[in-house]
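Student: Got a structure here, written out as structure tokens. Questions coming.
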Amino acid sequence: MSKKTAAKHVALILIFAVVAVLILVLAARLSRSTDDSKYEMSSNAMRVEFLNSCGLIVKPDPEVQEIKIPQKFGAIYEEYNRLQQSQGFDLTPYAGREAVLCSYTVLNCPEHPDNVVANLLLCDGKLIACDLTLNEENGFTQALITGAQ
């Protein structure tokens, strides 16, 4: 094989490699944007539908609070973030940012008919954390997403 032919083969292989890398990068970005849209919750109807898909029946009018996620996490936020990470979320990128906490009263928890809430934490209309909390002495906070949603 001549040097000219070998150079053409090398150039062709490099072009294919670059195209393959570009395809992988594009596929990863498309996959990530699809996953992001999965937790788009800009309306109350979307949030209630999400909670229903988790098996919860909730009062449709939540208690809404604006909160600021701490810039530096203390022990309680570290523990809460570990809970979120178990569900595929991570609050670390949102440190120091404003967020909206929507708390929905859960109606289908017969053991605790009045004190269980589903909390959805949103930033820019996107779900960034969620939990199920029993607001009683010796209550609990647990993962809301227990399987693939």
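Where a number appears in this text, it was derived from the coordinates with a stated rule and is not lab data. These numbers were taken from a predicted model, which means no experiment stands behind them. No Cβ is skipped: glycine too gets one built from the backbone with ideal geometry, and neighbour counts run over all protein chains shown.
Student: Which order do GLU79, GLU137, GLU40 fall in if you start with the one that has the fewest other Cβ atoms within 10 Å?
Tutor: Values: GLU79 11, GLU137 5, GLU40 14.
Final ranking by Cβ density, sparse to dense: GLU137, GLU79, GLU40.
Student: Still on this structure, I have one more. Apply the Karplus curve 6.51 cos²θ - 1.76 cosθ + 1.60, θ = phi - 60°, to the phi angles in segment 118-125 and return the couplings in whole Hz, x for Gly and Pro.
Tutor: 9, 9, 10, 9, 10, 9, 6, x
Student: How long are the three semi-axes of the equivalent ellipsoid of segment 73-149, in whole Å, if each is the root of 5 times an eigenvalue of the C-alpha gyration tensor, listed from largest down? Could you put the intermediate results ahead of the total?
Tutor: Working: eigenvalues 97, 38, 31 Å².
The three semi-axes for segment 73-149 are 22, 14, 12 Å.
Student: How do LEU91, LEU107 line up, fewest other C-beta atoms within 10 Å first?
Tutor: Values: LEU91 22, LEU107 13.
Neighbour counts put them in this order, fewest first: LEU107, LEU91.
Student: Using amide H atoms built 1.01 Å from N in the peptide plane, name the residues 5+ places from ALA129, or on other chains, whose amide H lies under 5 Å from its own.
Tutor: The list, which skips near neighbours in sequence, is LEU121.
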